[in-house]
1. For region 81-91, check the following and say yes or no: at least one residue is over 19 Å from residue 30 (Cβ atoms), β-branched (Val, Ile, Thr), modelled with pLDDT of 95 or more and outside any strand (DSSP E or B).
2. Please go through region 32-56 and give me each residue that is buried (at least 18 other Cβ atoms within 10 Å of the Cβ) and in a strand (DSSP E or B), ordered by number.
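The values are calculated or read from the model by the stated rules, or taken from the named source; none is laboratory data. Predicted model, so just to flag it, every value in this text is computed and none were measured. We place every Cβ from the backbone using ideal geometry, glycine too, and count neighbours over all the protein chains shown.
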Amino acid sequence: MAQEKEHKFKPEDTQTVIGAGVKVEGKFMAVGDVVLKGELSGTLDTESGLYLEQGAFINGDMTAKNASLAGAIKGNIKVADRVALTKTAKIKGDLECQILSIEAGAIFNGRCAIGRTEDVVPENKVDE
């Protein structure tokens, strides 16, 4: 059985860690990576990556540049680049990103928009 990957911390990176057992309420904003092991009720916005660990929970919307999700989210997700849903992820809400990977076992209940909207062919365009 393969070992689950754990986020590796680099001291030189600016990161915020919300530990297991910690509950945060309100609007949470960050510039660097955010590692969430606890609970957040409200919104989470980071200009970098979000690492939602197994057992962590967000009740609200989130935005990030990249996201690795192993916990649960009840809210909408908007990611500028890549989202990875691990086998333990439980998502209820809409998801928007450029690249999406979903491991077998992940639960996703919502709408999904992948790719840039300017790349979508208009509905009234007829192939010649």
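1. Yes: region 81-91 contains one or more residues that are over 19 Å from residue 30 (Cβ atoms), β-branched (Val, Ile, Thr), modelled with pLDDT of 95 or more and outside any strand (DSSP E or B).
2. Those that are buried (at least 18 other Cβ atoms within 10 Å of the Cβ) and in a strand (DSSP E or B): 33, 34, 35, 36, 39, 40, 44, 46, 49, 50, 51, 52.
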